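**Q** Before I ask anything, let me first share the structure, which is written out below as structure tokens.
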């Protein structure tokens, strides 16, 4: 089920609600992509997923998306709503800035999903995925197609 809510209706949701949904959307994209790359033991799948689902990776992705002009002004607005949301508490292993940037990315994923904009979700996720070679390090996730 992919909803197709009007943007005006989706804008009525709090940014943290959008991020709550966006977290699961991002995770689903990520896990699907990893499984499609190779059939391997679950602990290896999990290890690869954790590296790209952590807020540090998501923060770097959000920063890159914004700095490289990949996002539209409306998408930047949605992401900023997530970044500026009150009530976010970063985990001990990340900074408040990283956690806010990651929340912005998740907010954007949630918004795009609610509005049924799966083509744009696909484009943004592929951009985020393409960063894996630069960010994940020695235990790289191969970008086979």
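The values are calculated or read from the model by the stated rules, or taken from the named source; none is laboratory data. Everything quoted here is computed from the prediction, not taken from an experiment. Backbone-built Cβ (ideal geometry, glycine too); neighbour counts: all protein chains shown.
**Q** Being touching a residue at least 60 places away in the same chain (Cβ under 8 Å) and closer than 18 Å to residue 124 by Cβ narrows it down to one residue among 109, 70; which is it?
**A** 109
**Q** OK, next. Quick check on residue 48: is it over 23 Å from residue 114 (Cα atoms) and crowded, with 19+ Cβ neighbours inside 10 Å?
**A** yes
**Q** Also, quick follow-up: With the requirement that a residue be in a loop (DSSP other than H, G, I, E, B) and under 16 Å from residue 120 (Cα atoms), what does the range 1-22 give you?
**A** Correct list: 2, 3, 4, 5, 6.
**Q** Which residue, of 82, 104, is crowded, with 21+ Cβ neighbours inside 10 Å, in contact (Cβ under 8 Å) with a residue 12 or more places away in the chain and under 19 Å from residue 129 (Cβ atoms)?
**A** 104
**Q** Please name all residue pairs, on different chains or six or more residues apart, with Cβ atoms under 6 Å, provided the first residue is in the range 86-100 and is at negative phi and surrounded by fewer than 17 Cβ atoms within 10 Å (Cβ to Cβ) and the second residue is modelled with pLDDT under 75 and in a loop (DSSP other than H, G, I, E, B).
**A** Final answer for the pair search is 96/90.
**Q** Can you pull out every residue in the range 28-63 that is over 13 Å from the mean Cα position of the chain (by Cα), outside any helix (DSSP H, G or I) and either at pLDDT 90 or above or under 13 Å from residue 128 (Cα atoms) (or both)?
**A** 41
**Q** Among the numbered criteria (1) loosely packed, with under 15 Cβ neighbours inside 10 Å; (2) touching a helix residue (DSSP H, G or I) at 6+ places or on another chain (Cβ under 9 Å), which one does residue 55 miss?
**A** Tallying (1) loosely packed, with under 15 Cβ neighbours inside 10 Å; (2) touching a helix residue (DSSP H, G or I) at 6+ places or on another chain (Cβ under 9 Å), residue 55 fails exactly one: (1).
**Q** Just give me the residues in the range 114-145 being surrounded by 12 or more Cβ atoms within 10 Å (Cβ to Cβ), outside any helix (DSSP H, G or I) and either modelled with pLDDT under 95 or within 12 Å of the chain's Cα centre (by Cα) (or both), in sequence order.
**A** 131, 136, 140, 141, 143, listed by residue number.
**Q** Could you say whether any residue in the range 17-27 is over 19 Å from the mean Cα position of the chain (by Cα) and either buried (at least 16 other Cβ atoms within 10 Å of the Cβ) or under 23 Å from residue 80 (Cα atoms) (or both)?
**A** no
**Q** Here's something else I'd like to know. Is one or more of the residues making up the range 69-76 at pLDDT 95 or above, in a helix (DSSP H, G or I) and out of contact with any helix residue (DSSP H, G or I) (no Cβ under 9 Å at 6 or more places or on another chain)?
**A** Yes, some residue in the range 69-76 is at pLDDT 95 or above, in a helix (DSSP H, G or I) and out of contact with any helix residue (DSSP H, G or I) (no Cβ under 9 Å at 6 or more places or on another chain).
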